[in-house]
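What follows is one structure encoded as structure tokens, with my remarks underneath.
Values in this text are rule-based calculations from the coordinates and carry no lab data. All of these numbers come straight from a predicted model, not from anything done at the bench. Cβ placement follows ideal geometry from the backbone for every residue including glycine, while neighbour counts extend to all protein chains displayed.
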Amino acid sequence: MNKATLGAAVIAVVSVGATARAADLSYRPAPQPYTVNQPLNALSWAGPYLGGNVSYTWGQVDNNPTRPAGFGGGVQGGYNWQSGQLVFGLEGDLSASAASDTFAPWKFSNPWFGTARGRLGYAVGTVLLYGTGGLAFGELRGEAFGTSESHTNFGWTLGGGAELALNQNWSAKAEYLYVSLSNDNFNLTRLQNGVSFSTVRIGVNYHF
């Protein structure tokens with residue numbers, strides 16, 4: 001085989017290989033775009049979250065005619081687990097409150113409270129309906145004749161709510177809690193005083 005024939009053979013082989021490679025590339029499917037903003041679905045409730053809320057509280061002081069009421073706000077956070085449509089988890093919150101009332105010489109207020117609760121819910125599409133209950137704690141402050149006295153007591157809470165997924169990470173919630181804090185001896189009244197109250201709050205959560 002002379003040099004001219006060998007050169008022609010090499011050129012032919014290279015041309016066939018390039019054509020096959022080009023054909024292979026032309027029939028390869030284009031890569032699909034990666035979407036990072038998927039909507040939150042029924043399986044997305046699992047995991048940690050953190051958020052804030054605003055609230056309105058009204059209640060009554062044991063062994064005293066005062067009925068503290070007022071607005072407040074706070075933070076909450078927790079963790080959810082999910083099995084099918086069943087969602088269960090733990091949540092803790094801490095709130096400041098302007099709830100107060102005055103009767104005769106006595107003024108009672110509930111400056112802050114918190115809870116540590118379990119949650120059990122049912123997911124329907126982007127809505128989570130749940131019940132909740134657990135431990136509550138907070139401060140009851142009494143004032144009379146220019147003096148004040150505060151006690152921090154423990155108790156229990158029970159309630160429920162609904163949470164709506166807005167997108168992959170954000171949700172909005174509406175919740176009702178009934179809170180009962182135990183009695184303690186107040187020198188101001190010479191009686192045992194505690195506080196029980198209802199609170200309705202709306203808030204948002206960020207899911208990580």
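How would the stretch 148-208 be classified by its alpha-carbon gyration tensor: rounded, prolate or oblate, with rounded meaning a/c under 1.5 and the a/b versus b/c comparison settling the rest? Note, shape of the stretch 148-208 comes out prolate.
Model label points for Y176 and L135, set 7 angstrom from Cα along the Cα-to-Cβ axis, are 2.7 nm apart. Annotation: peptides 173-179, 105-111, ranked by per-residue average of other Cβ atoms within 10 Å with the highest first, follow the order 105-111, 173-179. Which of rounded, prolate, oblate describes the stretch 39-93, given a ≥ b ≥ c as roots of the alpha-carbon gyration tensor eigenvalues and a/c under 1.5 marking rounded, otherwise prolate only if a/b is larger than b/c? Verdict is prolate for the stretch 39-93. I need the calculated FRET efficiency for the pair F145 and F71, taking r as the beta carbon distance and R₀ as 30 Å, to the nearest 0.05. For R0 = 30 Å, the calculated efficiency reads 0.60.
Take L86, project a point 7 Å from its Cα along the Cβ direction, then tell me which residues of the stretch 131-167 have their backbone nitrogen under 18 Å from it. Answer for this model: 131-133.
Look at the Cα gyration tensor of the stretch 47-207: its axes a ≥ b ≥ c give a/c of at least 1.5 with a/b over b/c, and that counts as prolate. Extension gain for F154-Y79 works out to 24.7 nm (0.36 nm per residue, less the C-alpha to C-alpha distance).
Measuring r between the beta carbons of Y206 and A104 and using R0 = 35 Å, the FRET efficiency lands at 0.15. A straight chain from Y56 to L94 at 0.36 nm per residue would run longer than the Cα-Cα distance by 12.3 nm.
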